[in-house]
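A.B. asks: Okay, handing you the structure first.
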Amino acid sequence: MDKIENNKAWFLVLPVFVIVAISAIIPLMTVVNYAFQDIFSPQDRYWVGTEWFESVLADDDLHGALIRQFVFSFVILLVEIPLGIALALAMPARGWRASLALVLMALPLLIPWNVVGTIWQVFARADIGLGGWLVNALGIPYNYTNDPVAAWLTIVVMDVWHWTPLVVLLCYAGLRAIPDAYYQAAAIDGASAWKVFRYIELPKMRGVLLIAVLLRFMDSFMIYTEPFVVTGGGPGNATTFLSIHLTKIAIGQMDLGPAAAISIIYFLIILTLSFVFYNVMTRMGTGERA
Amino acid sequence: MEALATLIRSMAWTMPVGLFFAGVALLLLVMTGLQFAYPTIERKGFLPMTTTRGDRVFIGLLGAAWIHLAWLALVASPLWWASILAVLWFALVLRFG
(Lines give C-alpha, C1' and ligand atoms only; values in the text may rest on other atoms or scores of the structure.)
Protein backbone atom coordinates (compact mmCIF):
# COMPACT_ATOMS: atom_id res chain seq x y z
CA MET A 1 0.00 0.00 0.00
CA ASP A 2 1.53 3.33 -1.05
CA LYS A 3 0.35 5.65 1.62
CA ILE A 4 2.09 8.94 2.25
CA GLU A 5 2.07 9.95 5.87
CA ASN A 6 3.31 13.21 7.34
CA ASN A 7 3.46 13.05 11.11
CA LYS A 8 4.09 16.80 11.35
CA ALA A 9 0.32 17.13 10.95
CA TRP A 10 -0.02 15.95 14.55
CA PHE A 11 1.38 19.31 15.68
CA LEU A 12 -1.60 21.00 14.03
CA VAL A 13 -3.88 18.93 16.27
CA LEU A 14 -1.98 19.97 19.38
CA PRO A 15 -4.00 23.16 20.15
CA VAL A 16 -7.26 21.19 20.02
CA PHE A 17 -5.76 18.51 22.23
CA VAL A 18 -4.71 21.14 24.80
CA ILE A 19 -8.19 22.75 24.77
CA VAL A 20 -9.93 19.37 25.14
CA ALA A 21 -7.51 18.41 27.92
CA ILE A 22 -8.26 21.56 29.89
CA SER A 23 -12.00 21.67 29.25
CA ALA A 24 -12.86 17.96 29.43
CA ILE A 25 -10.14 15.55 30.57
CA ILE A 26 -8.93 17.45 33.65
CA PRO A 27 -12.48 18.03 34.98
CA LEU A 28 -13.32 14.37 34.29
CA MET A 29 -10.26 13.16 36.19
CA THR A 30 -11.14 15.54 39.05
CA VAL A 31 -14.68 14.16 39.19
CA VAL A 32 -13.35 10.59 39.35
CA ASN A 33 -11.07 11.60 42.25
CA TYR A 34 -13.94 13.29 44.08
CA ALA A 35 -16.23 10.26 43.61
CA PHE A 36 -14.04 8.15 45.91
CA GLN A 37 -13.46 10.71 48.67
CA ASP A 38 -15.32 12.72 51.26
CA ILE A 39 -14.18 16.19 50.25
CA PHE A 40 -14.32 19.20 52.52
CA SER A 41 -11.47 21.04 50.78
CA PRO A 42 -8.55 19.92 48.54
CA GLN A 43 -6.48 19.49 51.73
CA ASP A 44 -9.20 18.11 53.98
CA ARG A 45 -10.43 14.89 52.35
CA TYR A 46 -10.91 11.22 53.19
CA TRP A 47 -10.89 8.10 51.04
CA VAL A 48 -14.30 6.36 51.17
CA GLY A 49 -13.96 3.77 48.40
CA THR A 50 -17.21 2.94 46.63
CA GLU A 51 -19.46 4.27 49.43
CA TRP A 52 -20.88 7.16 47.35
CA PHE A 53 -21.68 4.87 44.44
CA GLU A 54 -23.50 2.43 46.75
CA SER A 55 -25.56 5.21 48.33
CA VAL A 56 -26.51 7.02 45.10
CA LEU A 57 -27.34 3.77 43.29
CA ALA A 58 -29.86 2.98 46.06
CA ASP A 59 -31.29 6.52 46.08
CA ASP A 60 -34.96 6.73 45.01
CA ASP A 61 -34.58 10.40 44.07
CA LEU A 62 -31.88 9.47 41.55
CA HIS A 63 -34.02 6.64 40.15
CA GLY A 64 -36.93 9.08 39.72
CA ALA A 65 -34.74 11.72 38.04
CA LEU A 66 -33.24 9.08 35.74
CA ILE A 67 -36.65 7.78 34.63
CA ARG A 68 -37.92 11.35 34.03
CA GLN A 69 -34.76 12.10 32.05
CA PHE A 70 -35.18 9.06 29.78
CA VAL A 71 -38.88 9.82 29.23
CA PHE A 72 -38.08 13.46 28.44
CA SER A 73 -35.32 12.62 25.91
CA PHE A 74 -37.51 9.94 24.30
CA VAL A 75 -40.43 12.38 23.91
CA ILE A 76 -38.13 15.09 22.56
CA LEU A 77 -36.66 12.78 19.90
CA LEU A 78 -40.12 11.42 19.05
CA VAL A 79 -41.48 14.92 18.43
CA GLU A 80 -38.53 16.94 17.15
CA ILE A 81 -37.04 14.57 14.58
CA PRO A 82 -40.23 13.87 12.54
CA LEU A 83 -41.38 17.50 12.94
CA GLY A 84 -37.97 18.77 11.83
CA ILE A 85 -37.99 16.54 8.75
CA ALA A 86 -41.56 17.61 7.87
CA LEU A 87 -40.74 21.31 8.21
CA ALA A 88 -37.54 20.94 6.16
CA LEU A 89 -39.51 19.20 3.40
CA ALA A 90 -42.15 21.97 3.48
CA MET A 91 -39.64 24.83 3.29
CA PRO A 92 -39.15 26.57 -0.07
CA ALA A 93 -36.09 25.37 -1.97
CA ARG A 94 -34.96 28.72 -3.38
CA GLY A 95 -35.74 32.40 -3.70
CA TRP A 96 -36.48 35.03 -1.05
CA ARG A 97 -39.00 32.76 0.66
CA ALA A 98 -36.23 30.23 1.35
CA SER A 99 -34.04 32.97 2.88
CA LEU A 100 -36.93 34.24 5.00
CA ALA A 101 -37.77 30.72 6.21
CA LEU A 102 -34.12 30.10 7.12
CA VAL A 103 -33.90 33.34 9.14
CA LEU A 104 -37.17 32.55 10.95
CA MET A 105 -35.93 29.04 11.73
CA ALA A 106 -32.62 30.34 13.05
CA LEU A 107 -34.20 32.88 15.42
CA PRO A 108 -35.01 30.55 18.38
CA LEU A 109 -31.49 29.12 18.19
CA LEU A 110 -29.99 32.58 18.72
CA ILE A 111 -31.73 33.12 22.05
CA PRO A 112 -29.72 32.18 25.16
CA TRP A 113 -31.10 29.27 27.20
CA ASN A 114 -31.89 31.29 30.32
CA VAL A 115 -33.74 33.89 28.21
CA VAL A 116 -35.79 31.10 26.57
CA GLY A 117 -36.70 29.86 30.06
CA THR A 118 -37.69 33.36 31.19
CA ILE A 119 -39.77 33.96 28.04
CA TRP A 120 -41.70 30.71 28.55
CA GLN A 121 -42.01 31.19 32.29
CA VAL A 122 -43.89 34.42 31.68
CA PHE A 123 -45.67 33.34 28.48
CA ALA A 124 -47.09 30.17 30.04
CA ARG A 125 -48.25 31.69 33.33
CA ALA A 126 -51.98 31.28 33.87
CA ASP A 127 -52.43 34.75 35.40
CA ILE A 128 -50.31 37.16 33.32
CA GLY A 129 -48.94 35.02 30.42
CA LEU A 130 -50.62 35.20 27.03
CA GLY A 131 -50.21 31.45 26.36
CA GLY A 132 -51.42 30.31 29.77
CA TRP A 133 -54.33 32.76 29.73
CA LEU A 134 -55.36 31.63 26.22
CA VAL A 135 -55.39 27.92 27.16
CA ASN A 136 -57.51 28.66 30.24
CA ALA A 137 -59.82 30.88 28.17
CA LEU A 138 -60.43 27.86 25.90
CA GLY A 139 -61.81 26.05 28.93
CA ILE A 140 -58.77 23.82 29.51
CA PRO A 141 -57.52 24.10 33.11
CA TYR A 142 -53.80 24.86 32.87
CA ASN A 143 -51.34 25.99 35.52
CA TYR A 144 -47.79 24.69 35.28
CA THR A 145 -46.93 25.81 38.80
CA ASN A 146 -49.17 23.22 40.49
CA ASP A 147 -50.01 20.64 37.81
CA PRO A 148 -47.22 18.15 36.90
CA VAL A 149 -48.78 17.35 33.49
CA ALA A 150 -48.98 21.05 32.62
CA ALA A 151 -45.38 21.54 33.78
CA TRP A 152 -44.20 18.68 31.57
CA LEU A 153 -46.18 19.95 28.58
CA THR A 154 -44.74 23.45 29.03
CA ILE A 155 -41.17 22.18 29.11
CA VAL A 156 -41.63 19.83 26.16
CA VAL A 157 -43.32 22.53 24.04
CA MET A 158 -40.60 25.01 25.02
CA ASP A 159 -37.85 22.58 24.02
CA VAL A 160 -39.63 21.77 20.75
CA TRP A 161 -39.91 25.49 19.99
CA HIS A 162 -36.27 26.10 20.88
CA TRP A 163 -34.55 23.13 19.26
CA THR A 164 -36.68 21.78 16.39
CA PRO A 165 -35.19 24.53 14.17
CA LEU A 166 -31.78 22.87 14.59
CA VAL A 167 -33.18 19.61 13.18
CA VAL A 168 -34.91 21.60 10.42
CA LEU A 169 -31.71 23.39 9.38
CA LEU A 170 -29.69 20.16 9.37
CA CYS A 171 -32.34 18.31 7.32
CA TYR A 172 -32.73 21.28 4.99
CA ALA A 173 -28.98 21.25 4.30
CA GLY A 174 -29.18 17.50 3.64
CA LEU A 175 -32.11 17.92 1.27
CA ARG A 176 -30.45 20.73 -0.69
CA ALA A 177 -27.38 18.54 -1.21
CA ILE A 178 -29.36 15.94 -3.20
CA PRO A 179 -28.59 16.36 -6.92
CA ASP A 180 -31.55 17.13 -9.23
CA ALA A 181 -30.72 14.01 -11.26
CA TYR A 182 -32.24 11.84 -8.50
CA TYR A 183 -35.55 13.71 -8.66
CA GLN A 184 -35.52 13.60 -12.49
CA ALA A 185 -34.97 9.82 -12.47
CA ALA A 186 -37.80 9.41 -9.93
CA ALA A 187 -40.12 11.55 -12.10
CA ILE A 188 -39.31 9.43 -15.16
CA ASP A 189 -40.14 6.28 -13.14
CA GLY A 190 -43.40 7.87 -11.98
CA ALA A 191 -42.44 7.62 -8.29
CA SER A 192 -44.93 9.01 -5.79
CA ALA A 193 -43.99 11.74 -3.32
CA TRP A 194 -43.83 9.11 -0.54
CA LYS A 195 -41.47 6.90 -2.56
CA VAL A 196 -39.25 9.89 -3.38
CA PHE A 197 -39.07 10.60 0.35
CA ARG A 198 -38.59 6.94 1.38
CA TYR A 199 -36.01 5.92 -1.22
CA ILE A 200 -34.19 9.16 -2.09
CA GLU A 201 -34.55 11.88 0.52
CA LEU A 202 -34.52 9.83 3.71
CA PRO A 203 -31.42 7.74 2.81
CA LYS A 204 -29.61 10.86 1.61
CA MET A 205 -30.41 12.60 4.91
CA ARG A 206 -28.99 9.74 7.00
CA GLY A 207 -25.76 11.60 7.80
CA VAL A 208 -27.45 14.80 8.95
CA LEU A 209 -30.14 12.86 10.79
CA LEU A 210 -27.42 11.01 12.69
CA ILE A 211 -25.98 14.34 13.79
CA ALA A 212 -29.46 15.66 14.64
CA VAL A 213 -30.41 12.60 16.74
CA LEU A 214 -27.07 12.58 18.57
CA LEU A 215 -27.11 16.32 19.26
CA ARG A 216 -30.74 16.35 20.36
CA PHE A 217 -30.34 13.26 22.51
CA MET A 218 -27.21 14.54 24.26
CA ASP A 219 -28.62 18.06 24.67
CA SER A 220 -32.01 16.90 25.95
CA PHE A 221 -30.31 14.44 28.29
CA MET A 222 -28.23 17.29 29.75
CA ILE A 223 -31.07 19.86 29.87
CA TYR A 224 -30.81 22.13 32.87
CA THR A 225 -31.31 25.85 32.38
CA GLU A 226 -34.75 26.00 30.77
CA PRO A 227 -36.65 23.71 33.20
CA PHE A 228 -34.74 25.22 36.12
CA VAL A 229 -35.88 28.73 35.14
CA VAL A 230 -39.47 27.71 34.29
CA THR A 231 -40.38 25.22 37.03
CA GLY A 232 -37.30 24.92 39.26
CA GLY A 233 -37.79 21.15 39.05
CA GLY A 234 -41.37 21.28 40.36
CA PRO A 235 -44.15 21.00 41.15
CA GLY A 236 -42.74 18.62 43.75
CA ASN A 237 -40.09 16.72 41.83
CA ALA A 238 -42.18 16.40 38.64
CA THR A 239 -39.63 18.10 36.36
CA THR A 240 -36.47 17.38 38.35
CA PHE A 241 -34.29 15.94 35.62
CA LEU A 242 -30.86 14.42 36.19
CA SER A 243 -28.90 17.65 35.85
CA ILE A 244 -31.24 19.51 38.24
CA HIS A 245 -30.98 16.64 40.74
CA LEU A 246 -27.20 16.68 40.35
CA THR A 247 -27.02 20.44 40.91
CA LYS A 248 -29.18 20.15 44.03
CA ILE A 249 -26.73 17.59 45.44
CA ALA A 250 -23.55 19.38 44.34
CA ILE A 251 -24.40 23.05 44.86
CA GLY A 252 -27.47 22.94 47.12
CA GLN A 253 -26.15 20.41 49.62
CA MET A 254 -22.42 20.72 48.76
CA ASP A 255 -22.19 16.90 48.77
CA LEU A 256 -19.34 16.80 46.27
CA GLY A 257 -18.60 13.07 46.61
CA PRO A 258 -22.13 11.79 45.85
CA ALA A 259 -22.46 14.46 43.13
CA ALA A 260 -19.24 13.20 41.52
CA ALA A 261 -20.54 9.60 41.65
CA ILE A 262 -23.80 10.68 39.97
CA SER A 263 -21.78 12.60 37.36
CA ILE A 264 -19.81 9.48 36.45
CA ILE A 265 -23.00 7.41 36.09
CA TYR A 266 -24.53 10.24 34.03
CA PHE A 267 -21.43 10.36 31.80
CA LEU A 268 -21.46 6.59 31.29
CA ILE A 269 -25.13 6.63 30.25
CA ILE A 270 -24.55 9.38 27.67
CA LEU A 271 -21.37 7.71 26.39
CA THR A 272 -23.07 4.31 26.03
CA LEU A 273 -26.25 5.58 24.36
CA SER A 274 -24.33 7.87 21.99
CA PHE A 275 -22.13 4.93 20.99
CA VAL A 276 -25.20 2.76 20.36
CA PHE A 277 -27.03 5.50 18.40
CA TYR A 278 -23.92 6.20 16.34
CA ASN A 279 -23.37 2.56 15.44
CA VAL A 280 -27.01 1.81 14.70
CA MET A 281 -27.43 4.89 12.50
CA THR A 282 -24.14 4.61 10.60
CA ARG A 283 -24.90 0.97 9.75
CA MET A 284 -28.56 1.53 8.95
CA GLY A 285 -29.17 1.03 5.24
CA THR A 286 -25.60 -0.10 4.53
CA GLY A 287 -26.59 -3.77 4.56
CA GLU A 288 -24.74 -4.42 7.81
CA ARG A 289 -26.75 -5.57 10.75
CA ALA A 290 -26.44 -3.04 13.58
CA MET B 1 4.00 26.95 37.91
CA GLU B 2 2.00 28.11 40.90
CA ALA B 3 -1.21 27.91 38.85
CA LEU B 4 -0.34 24.37 37.75
CA ALA B 5 0.36 23.32 41.33
CA THR B 6 -3.00 24.80 42.42
CA LEU B 7 -4.74 22.97 39.59
CA ILE B 8 -3.17 19.63 40.55
CA ARG B 9 -4.01 20.21 44.25
CA SER B 10 -7.63 21.01 43.38
CA MET B 11 -7.88 17.71 41.49
CA ALA B 12 -7.55 15.91 44.86
CA TRP B 13 -5.45 13.06 43.46
CA THR B 14 -5.37 9.69 45.19
CA MET B 15 -3.10 6.76 44.43
CA PRO B 16 -5.80 4.30 43.17
CA VAL B 17 -7.33 6.86 40.79
CA GLY B 18 -3.86 7.92 39.64
CA LEU B 19 -2.97 4.30 38.90
CA PHE B 20 -6.26 3.84 37.04
CA PHE B 21 -5.64 6.83 34.75
CA ALA B 22 -2.00 5.83 34.28
CA GLY B 23 -3.31 2.41 33.18
CA VAL B 24 -5.70 4.02 30.71
CA ALA B 25 -2.92 6.24 29.33
CA LEU B 26 -0.61 3.22 29.01
CA LEU B 27 -3.37 1.29 27.25
CA LEU B 28 -3.82 4.14 24.76
CA LEU B 29 -0.06 4.23 24.12
CA VAL B 30 0.07 0.46 23.58
CA MET B 31 -2.94 0.66 21.25
CA THR B 32 -1.25 3.45 19.25
CA GLY B 33 1.96 1.41 19.01
CA LEU B 34 0.03 -1.69 17.93
CA GLN B 35 -1.80 0.34 15.29
CA PHE B 36 1.55 1.37 13.77
CA ALA B 37 3.04 -2.13 14.03
CA TYR B 38 -0.05 -4.17 13.11
CA PRO B 39 -2.76 -1.98 11.55
CA THR B 40 -6.20 -3.16 12.68
CA ILE B 41 -8.56 -4.97 10.32
CA GLU B 42 -12.33 -4.80 10.88
CA ARG B 43 -13.84 -8.15 11.78
CA LYS B 44 -17.14 -9.65 12.87
CA GLY B 45 -17.27 -11.64 16.09
CA PHE B 46 -20.07 -12.24 18.57
CA LEU B 47 -20.79 -8.50 18.84
CA PRO B 48 -23.64 -7.46 16.53
CA MET B 49 -21.39 -5.33 14.28
CA THR B 50 -17.96 -5.30 12.68
CA THR B 51 -15.35 -3.87 15.03
CA THR B 52 -11.78 -2.63 14.95
CA ARG B 53 -9.34 -3.33 17.76
CA GLY B 54 -10.03 0.13 19.21
CA ASP B 55 -13.81 -0.49 19.12
CA ARG B 56 -13.35 -3.71 21.08
CA VAL B 57 -11.17 -2.02 23.72
CA PHE B 58 -13.77 0.75 24.07
CA ILE B 59 -16.67 -1.73 24.37
CA GLY B 60 -14.63 -3.82 26.81
CA LEU B 61 -13.88 -0.82 29.06
CA LEU B 62 -17.45 0.47 28.89
CA GLY B 63 -18.79 -2.99 29.74
CA ALA B 64 -16.33 -3.29 32.63
CA ALA B 65 -17.58 0.01 34.08
CA TRP B 66 -21.21 -1.16 33.82
CA ILE B 67 -20.39 -4.52 35.42
CA HIS B 68 -18.90 -2.73 38.43
CA LEU B 69 -21.88 -0.37 38.72
CA ALA B 70 -24.41 -3.20 38.37
CA TRP B 71 -22.53 -5.18 41.01
CA LEU B 72 -22.61 -2.25 43.44
CA ALA B 73 -26.34 -1.73 42.80
CA LEU B 74 -27.50 -5.34 42.86
CA VAL B 75 -25.02 -7.60 44.67
CA ALA B 76 -23.82 -7.45 48.26
CA SER B 77 -20.62 -9.52 47.72
CA PRO B 78 -17.16 -7.86 47.60
CA LEU B 79 -16.35 -5.85 44.49
CA TRP B 80 -13.37 -8.05 43.61
CA TRP B 81 -15.80 -10.53 42.06
CA ALA B 82 -17.07 -7.79 39.75
CA SER B 83 -13.47 -6.94 38.83
CA ILE B 84 -12.77 -10.59 37.94
CA LEU B 85 -15.97 -10.68 35.86
CA ALA B 86 -14.97 -7.41 34.16
CA VAL B 87 -11.52 -8.75 33.25
CA LEU B 88 -13.15 -11.89 31.81
CA TRP B 89 -15.60 -9.75 29.83
CA PHE B 90 -12.75 -7.53 28.57
CA ALA B 91 -10.73 -10.55 27.43
CA LEU B 92 -13.79 -12.12 25.80
CA VAL B 93 -14.58 -8.97 23.80
CA LEU B 94 -10.95 -8.47 22.73
CA ARG B 95 -10.57 -12.06 21.57
CA PHE B 96 -14.01 -12.99 20.22
CA GLY B 97 -15.88 -9.66 19.84
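The values are calculated or read from the model by the stated rules, or taken from the named source; none is laboratory data. Note that this is a predicted model, so its numbers are computed, not measured. Here the Cβ positions follow ideal geometry from the backbone for every residue, glycine too, while neighbour counts run over all protein chains shown. Surface areas here come from the heavy atoms of the whole protein model, side chains and all, with no ligands, DNA or RNA. Shrake-Rupley method; radii C 1.70, N 1.55, O 1.52, S 1.80 Å.
A.B. asks: Which order do you get for B:GLU2, A:GLU201, A:GLU54, A:GLU80 if you rank them by accessible area with a 1.4 Å probe, largest at the top?
C.D. replies: Largest accessible area first, the list is B:GLU2, A:GLU54, A:GLU201, A:GLU80.
A.B. asks: What number, in percent, do you get for the relative contact order of segment B:42-97 if the mean sequence gap of Cα pairs under 8 Å and at least 6 apart is divided by its residue count?
C.D. replies: Averaging sequence separation for qualifying contacts and normalising by length gives 47 percent for segment B:42-97.
A.B. asks: Could you give me D for segment A:1-81, from Stokes-Einstein at 20 °C and 1.002 mPa s, where the hydrodynamic radius is the Kirkwood radius over C-alpha pairs? Units µm² s⁻¹, please.
C.D. replies: Calculated translational D: 123 µm²/s.
A.B. asks: On to the next question. Sum up the charges of everything whose Cβ sits under 14 Å from the Cβ of A:LEU102, counting Lys and Arg as +1 and Asp and Glu as -1, but leave A:LEU102 out.
C.D. replies: +3
A.B. asks: In addition: Which far-off residues, 5 or more places away or on another chain, put their amide H under 5 Å from the one on A:ASP38, with H placed in the peptide plane?
C.D. replies: Close amide H contacts, sequence-distant or interchain: A:TYR46, A:TRP47, A:VAL48.
A.B. asks: Let me know the shape class of segment A:84-180, please: from the alpha-carbon gyration tensor, a ≥ b ≥ c as square roots of the eigenvalues, rounded when a/c is under 1.5, otherwise prolate if a/b is greater than b/c, or oblate.
C.D. replies: Numbers: a/c = 2.67, a/b = 2.51, b/c = 1.06.
Since a/c reaches 1.5 and a/b is larger than b/c, the shape of segment A:84-180 is classed as prolate.
A.B. asks: Treat every Asp and Glu Cβ in segment A:155-259 as -1 and every Lys and Arg Cβ as +1, leave all other atoms uncharged, and give the resulting dipole magnitude about the Cα centre to the nearest 20 debye.
C.D. replies: On the way: 7 positive and 7 negative charges, 47 e Å.
It comes to approximately 220 debye.
A.B. asks: Relative contact order, percent, of segment A:157-276 when contacts are C-alpha pairs under 8 Å separated by at least 6 residues?
C.D. replies: This gives 19 percent for segment A:157-276.
A.B. asks: Give me the net charge of B:VAL87's neighbourhood, meaning all other residues with Cβ under 15 Å from the Cβ of B:VAL87; Lys, Arg count +1, Asp, Glu -1.
C.D. replies: Result for the neighbourhood of B:VAL87: +2.
A.B. asks: Same structure again: Mean residue ellipticity at 222 nm from the helices of chain B, using -39,500 (n - 2.57) per DSSP H segment of n ≥ 4 over the full residue count, to the nearest 500 deg cm²/dmol?
C.D. replies: Roughly -24500 deg cm²/dmol at 222 nm, from the helical runs in chain B.
A.B. asks: Something else about it: If ligands, DNA and RNA are left out, what is the accessible area of A:HIS245 with a 1.4 Å probe, given in Å² to the nearest 10?
C.D. replies: A:HIS245 exposes around 10 Å² with every protein chain in place.
A.B. asks: Sticking with this one: Please identify every one of the chymotrypsin sites (Phe, Trp or Tyr not before Pro) in segment B:31-97 that sits in a loop by DSSP and has no more than 12 other beta carbons within 10 Å of its own beta carbon.
C.D. replies: The qualifying sites are B:PHE46.
A.B. asks: Sequence gap at least 6, Cα distance under 8 Å: using those rules, report the relative contact order of chain A to the nearest whole percent. Mind showing how you got there, number by number?
C.D. replies: On the way: 290 pairs, mean separation 77.4, N = 290.
Rounded, it is 27 percent for chain A.
A.B. asks: Net charge around A:LEU170, counting only other residues with Cβ within less than 12 Å of its Cβ (Lys, Arg = +1; Asp, Glu = -1)?
C.D. replies: +2
A.B. asks: Semi-axes of chain A's equivalent ellipsoid from the Cα gyration tensor, sqrt of 5 times each eigenvalue, largest first, rounded to whole Å?
C.D. replies: Details: eigenvalues 287, 193, 60 Å².
Over the Cα atoms of chain A, the ellipsoid semi-axes are 38, 31, 17 Å.
A.B. asks: Now for a separate question. What Kirkwood hydrodynamic radius do you get for segment A:164-244 when you take the inverse of the mean 1/r over all pairs of distinct Cα atoms, in Å?
C.D. replies: 15.3
A.B. asks: Separate question: How would you classify segment B:34-82 from its alpha-carbon gyration tensor, with a ≥ b ≥ c the square roots of the eigenvalues: rounded for a/c under 1.5, else prolate if a/b is greater than b/c, otherwise oblate? Provide the component values of the computation, followed by the final result.
C.D. replies: Working: a/c = 4.39, a/b = 2.43, b/c = 1.80.
Prolate, since a/c reaches 1.5 and a/b exceeds b/c.
A.B. asks: Next question. For chain B, state the semi-axes of the equivalent ellipsoid (square roots of 5 times the eigenvalues of the alpha-carbon gyration tensor), sorted largest first and rounded to whole angstrom.
C.D. replies: 29, 23, 10
A.B. asks: State the volume of the convex hull built on the alpha-carbon positions of segment A:51-129, expressed per residue in Å³ and rounded to an integer.
C.D. replies: That works out to 171 Å³ per residue.
A.B. asks: What is segment A:201-269 by shape, rounded, prolate or oblate, if you read a ≥ b ≥ c off the alpha carbon gyration tensor as root eigenvalues and call it rounded for a/c under 1.5, prolate for a/b larger than b/c, and oblate otherwise? Don't skip to the answer; put the middle values down first.
C.D. replies: Details: a/c = 4.10, a/b = 1.90, b/c = 2.16.
Oblate, since a/c reaches 1.5 and b/c is not below a/b.
A.B. asks: Determine the calculated [θ] at 222 nm for chain A from helices alone, applying -39500 (n - 2.57) to every DSSP H run no shorter than 4 residues and normalising by the residue count; nearest 500 deg cm²/dmol.
C.D. replies: -21500 deg cm²/dmol
A.B. asks: Additional query: I'd like the distance separating the alpha-carbon centroids of segment A:84-138 and segment A:186-219, in whole Å.
C.D. replies: 24
A.B. asks: Related question: Taking each full run of DSSP H in chain A as one helix, which ones are at least 24 Å long along their axis (Cα atoms) and have mean Kyte-Doolittle hydropathy of at least -1.0? Walk me through the numbers on the way to the answer.
C.D. replies: On the way: long enough: A:60-90 (45 Å, 1.55); A:148-176 (41 Å, 1.32); A:256-283 (40 Å, 1.65).
Going by DSSP H runs, the hits are A:60-90, A:148-176, A:256-283.
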